[in-house]
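These notes are about the structure you will find just below.
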Amino acid sequence: MVSHLNTFFGALSDPTRRAVLEKLVLGPATVSNLAAPHDMALPTFMRHLGVLEKAGLVRSIKKGRVRTCHLEAAPLLEAQGWLAWQRQIWEDRLDSD
């Protein structure tokens with residue numbers, strides 16, 4: 001689980017990748033649509049998508065010449081569970097002081 005979390009939080013460490021996830025919350029989007037607001041070359045943007053896919057946060061489907069990306073919730077739920085567990089640990093520690 002820890003290695004999944006490392007990959008997850010590493011993927012979230014970049015503002016471009018966080019912006020992509022925020023856009024995908026609204027629904028699936030094409031790579032060109034996701035890349036448009038970012039001032040970078042497409043190969044650089046594709047590396048960001050690769051990091052998100054490796055973390056399991058994004059799934060892409062290619063149909064013809066168009067690649068569409070979808071948000072994947074499972075890693076978000078896993079991280080949410082870990083954060084809730086950590087919060088409980090720290091609340092218990094603070095309450096015992």
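The values are calculated or read from the model by the stated rules, or taken from the named source; none is laboratory data. Remember, predicted model here, so these are calculated numbers, not experimental data. Note that each Cβ is placed from the backbone with ideal geometry, even for glycine, and that neighbours are counted across all protein chains shown.
Residue-wise test of (1) exposed (fewer than 11 other Cβ atoms within 10 Å of the Cβ); (2) in contact with an Asp or Glu (Cβ under 9 Å, 6 or more places away or on another chain); (3) under 20 Å from residue 80 (Cα atoms).
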| residue | (1), (2), (3) |
| --- | --- |
| 9 | no, no, yes |
| 21 | no, no, yes |
| 27 | yes, no, no |
| 35 | no, no, no |
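Can you pull out every residue in the range 25-46 that is over 22 Å from residue 5 (Cβ atoms) and in contact (Cβ under 8 Å) with a residue 40 or more places away in the chain?
28, 29
Within the range 4-24, restricting attention to residues that are at pLDDT 95 or above and β-branched (Val, Ile, Thr), which residue is nearest to residue 62 (Cα to Cα)?
Step by step, filter the range 4-24, then rank; the result is 20.
Which of the residues belonging to the range 4-53 are of a type in the set (Ser, Thr, Tyr) and either closer than 16 Å to residue 68 by Cα or not in a helix (DSSP H, G or I) (or both)?
13, 30, 32 - these are the residues of the range 4-53 that are of a type in the set (Ser, Thr, Tyr) and either closer than 16 Å to residue 68 by Cα or not in a helix (DSSP H, G or I) (or both).
Looking at (1) out of contact with any Phe, Trp or Tyr (no Cβ under 9 Å at 6 or more places or on another chain); (2) among the hydrophobic types (A, V, I, L, M, F, W, C); (3) at pLDDT 90 or above, which is the one condition that is false for residue 77?
(3)
What pairs come up if the first residue lies in the range 47-59 and is within 12 Å of residue 20 (Cβ to Cβ) and in contact (Cβ under 8 Å) with a residue 40 or more places away in the chain, the second is in a helix (DSSP H, G or I) and among the charged types (D, E, K, R), and their beta carbons are under 7 Å apart, counting only those six or more places apart or on different chains?
Qualifying pairs under 7 Å: 51/17; 52/17.
Go through 57, 77 for me and flag whichever is under 20 Å from the mean Cα position of the chain (by Cα), surrounded by 12 or more Cβ atoms within 10 Å (Cβ to Cβ) and of a type in the set (A, V, I, L, M, F, W, C).
Values: 77 fails: surrounded by 12 or more Cβ atoms within 10 Å (Cβ to Cβ).
Selected residue: 57, the only one of 57, 77 that is under 20 Å from the mean Cα position of the chain (by Cα), surrounded by 12 or more Cβ atoms within 10 Å (Cβ to Cβ) and of a type in the set (A, V, I, L, M, F, W, C).
Return yes when residue 47 is charged (D, E, K, R) and modelled with pLDDT of 95 or more and no when it is not.
Here the answer is yes, as residue 47 does meet what is asked.
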